[in-house]
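The values are calculated or read from the model by the stated rules, or taken from the named source; none is laboratory data. Note that the structure is a prediction, hence the values are computed from the model and not measured. Cβ placement follows ideal geometry from the backbone for every residue including glycine, while neighbour counts extend to all protein chains displayed.
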């Protein structure tokens, strides 16, 4: 049995429980002073405070001194597109000159440009590239992450992407949760018949992915010039029938019914939500849908921010994620997302911590094992170069993750 003792924790701050937190509970964190955590075989065995140690130092394999700094659960990034070929830095001049996201997409760029590069990429190259991204994320304090396919838009490349996700999950310290997003865009070969592509997804791709256990979730981009309400509903209903848990990219640019559909169909989460309307908010609240808000995307695109404060007031669980991707958010820094959640969403530090730990953990099916620091849960935690959560929300542009622990092992 391997054992680790983390001692001299100035403040241990964590949400509690294994469920999505909403309303007032979003801002309720347990705070323990002068705490210590005992880990046995990667699982939290005991937590003490007020200077008491749960075990003698001589009886453990490793002692880590937190030097009276803040300790939180490992961060959970619940929305990424980290597997892709190429980059899209050439779009920057187009954006500066006024081209919008949809302008670039309609011109054959954007997602479709990444699709071309991803189809051409060798699987081994994608494994290496994605592994480097995970290294960087882990350095920022992320210990669990969701990764979507969706830059293939054909059977072979989508399966290649899901294979990459499976391989990096097996090889890397960070846990990676797979989502199938074949409905990310309309491929060029189906631009004149998007309904036929939806049929292909429903009749062939979704069943294959499920049969071979390649993804836990299915996601769709419900948006102007992408998939409309009816097409998205057909795709999600088929995914639900096959046993997938559901996600939906909704109301990023236009409110065309994506958030309403999320509530109606029982999606685990709806993502983006920049342009959500009152009907969508009410549907999500009624359906128990987690709002996966992506403030770094709003920042990079220079657009509005999702109404996260209003969502909390309406009893919608709020999570925040990086949306790391090559086009609309080429940043995987979840600490910056925390800064934006506080400054632009007006979330309190306690609400921010919930939004990057237990709420995204539940939204990707991992709330029973990660997202909080409690006895019996996986020992994923971060020692911060900060005395409190207020400092994490206050400082931006610096990496404040001092030590990262994954399953009881010091990985940074």
**Asked** Is one or more of the residues making up region 391-408 more than 27 Å from residue 132 (Cβ to Cβ) and assigned to a loop (DSSP other than H, G, I, E, B)?
**Response** no
**Message:** Residues that are outside the structural domain of residue 142 (by TED's automatic domain parsing), within 25 Å of residue 18 (Cα to Cα) and in a loop (DSSP other than H, G, I, E, B): does region 332-355 have at least one?
**Reply:** no
**Prompt:** Would you call residue 219 touching a residue at least 60 places away in the same chain (Cβ under 8 Å) and out of contact with any strand residue (DSSP E or B) (no Cβ under 6 Å at 6 or more places or on another chain)?
**Reply:** no
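Among the residues of region 160-177, are any over 30 Å from residue 379 (Cβ atoms) and assigned by TED's automatic domain parsing to the domain that holds residue 334?
Taking region 160-177 first, the residues over 30 Å from residue 379 (Cβ atoms) are 160-161.
From what's left, assigned by TED's automatic domain parsing to the domain that holds residue 334: 160-161.
Looking for residues that are over 30 Å from residue 379 (Cβ atoms) and assigned by TED's automatic domain parsing to the domain that holds residue 334, one finds at least one in region 160-177, hence yes.
Select from region 372-386 the residues that are in contact with a strand residue (DSSP E or B) (Cβ under 6 Å, 6 or more places away or on another chain) and assigned to a loop (DSSP other than H, G, I, E, B) and write down the one among them that is surrounded by the most Cβ atoms within 10 Å (Cβ to Cβ). Outline the logic, then answer.
Initially, region 372-386 is screened for residues in contact with a strand residue (DSSP E or B) (Cβ under 6 Å, 6 or more places away or on another chain), giving 372-373, 375, 377, 379-386.
When the remaining residues are screened for being assigned to a loop (DSSP other than H, G, I, E, B), the result is 372-373, 375, 377, 379-380, 385-386.
Values: 372: 24, 373: 28, 375: 12, 377: 19, 379: 25, 380: 34, 385: 16, 386: 21.
Only one residue tops the list, namely 380.
This table checks each residue for (1) modelled with pLDDT under 95; (2) surrounded by 15 or more Cβ atoms within 10 Å (Cβ to Cβ).
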residue	(1), (2)
40	no, yes
45	no, yes
58	yes, no
62	no, no
**Request:** Name the residue, out of 99, 121, that is touching a helix residue (DSSP H, G or I) at 6+ places or on another chain (Cβ under 9 Å) and modelled with pLDDT under 95.
**Result:** 99
**Asked** Which one of these is in a helix (DSSP H, G or I) and either under 21 Å from residue 218 (Cα atoms) or in the same structural domain as residue 328 (by TED's automatic domain parsing) (or both): 157, 143?
**Response** 157
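Scan region 80-118 for residues that are on the phi < 0 side of the Ramachandran plot and either more than 24 Å from the chain's Cα centre (by Cα) or surrounded by fewer than 17 Cβ atoms within 10 Å (Cβ to Cβ) (or both) and report the count.
The initial filter retains those residues of region 80-118 that are on the phi < 0 side of the Ramachandran plot, namely 80-85, 87-97, 99-107, 109, 111-118.
Next cut, either more than 24 Å from the chain's Cα centre (by Cα) or surrounded by fewer than 17 Cβ atoms within 10 Å (Cβ to Cβ) (or both) only: 87, 89-97, 99-100, 102-104, 106-107, 109, 116-117.
So the answer is 20.
Can you tell me which residues in region 118-140 are in a loop (DSSP other than H, G, I, E, B) and either assigned by TED's automatic domain parsing to the domain that holds residue 383 or out of contact with any strand residue (DSSP E or B) (no Cβ under 6 Å at 6 or more places or on another chain) (or both)? Walk me through how you get there before you give the answer.
Residues of region 118-140 that are in a loop (DSSP other than H, G, I, E, B), as a first pass: 121-122, 140.
Within region 118-140, 121, 122 meet the criteria.
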